[in-house]
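A.B. asks: My questions will all concern the structure given below.
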Amino acid sequence: MDAREFLSALHVAERLKDATRHSYTSGGRHESVAEHSWRISLMAFWLRGEFPEADMDKVIRMCLIHDLGEAFTGDIPSFLKTAADERREEELLSAWVDTLPEGIRGEMRALYAEMEARETLEAKIYKALDSMEAVISHNEADLATWTENEYELNLRYGYDKAAFSPLLTAIRDAVRDETLAKLEAGK
């Protein structure tokens, strides 16, 4: 990748710093997509020793790129995202990935395909972290920022993604305990 291509790709990725998510930070502002991607990458980094059979560097790469499509569409909460929204995001992302140098383009296409299939251990870990981080973010935010459906959703969201791993299920249980404590304190 030459210098201009590198900068051009970075400028597209920078949009994720301004693309806000549905969730808020503990300080009361909307979280950016970039912050979400950073934190699930950090989660994967910290869990590297817990999954010696997995290529955790690949998981980190998945975490870093998983929401790049939102640089074109913005974030749509999972409970509002339609199949048409998903297709549009995929088409725009695919067109952009096509502009990248072959080596990067090929690796990203392979990672996206693996992430979509969710058959490998790495893809399952990435998806579990992605789902759990959303609930963790909500738990850190003021309860006043939650929508009505999130009171129940945050108690169950992501369990299906973590079920393959006793450790990730235990982490999800701890996140649920934090949700319950938050709800109790908010009464």
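The values are calculated or read from the model by the stated rules, or taken from the named source; none is laboratory data. All figures in this text were calculated on a predicted structure; none of them were measured in a lab. Methodologically, a virtual Cβ is constructed for each residue, glycine included, from the backbone with ideal geometry; neighbour enumeration extends over all protein chains shown.
A.B. asks: For residue 181, are the conditions met, namely being among the hydrophobic types (A, V, I, L, M, F, W, C), over 25 Å from residue 8 (Cβ atoms) and either modelled with pLDDT of 95 or more or under 17 Å from the mean Cα position of the chain (by Cα) (or both)?
C.D. replies: The answer is yes for residue 181.
A.B. asks: What are the residue pairs meeting all of these: first residue in segment 60-88, first residue within 22 Å of residue 150 (Cβ to Cβ), second residue part of a loop (DSSP other than H, G, I, E, B) and of a type in the set (A, V, I, L, M, F, W, C), Cβ atoms under 6 Å, and 6 or more apart or on different chains?
C.D. replies: These pairs meet every condition: 70/19; 74/19; 75/19; 85/76.
A.B. asks: Could you list, in sequence order, the residues of segment 9-58 that are hydroxyl-bearing (Ser, Thr, Tyr) and either at positive phi or not in a loop (DSSP other than H, G, I, E, B) (or both)?
C.D. replies: 20, 23, 24, 32, 37, 41
A.B. asks: Can you run down the residue pairs with Cβ atoms below 7 Å, 6 or more apart or on separate chains, where the first is in segment 160-177 and under 13 Å from residue 47 (Cβ atoms) and the partner is of a type in the set (Asp, Glu)?
C.D. replies: 167/50
A.B. asks: Out of the residues in segment 1-55 that are among the aliphatic types (A, V, I, L, M) and without any contact (Cβ under 8 Å) to a residue 40 or more places away in the chain, which is nearest to residue 119 (Cα to Cα)?
C.D. replies: Per the stated criteria, the residue is 42.
A.B. asks: Can you pull out the residues in segment 97-146 that are more than 21 Å from residue 68 (Cβ to Cβ) and without any contact (Cβ under 8 Å) to a residue 12 or more places away in the chain?
C.D. replies: 119, 144, 146
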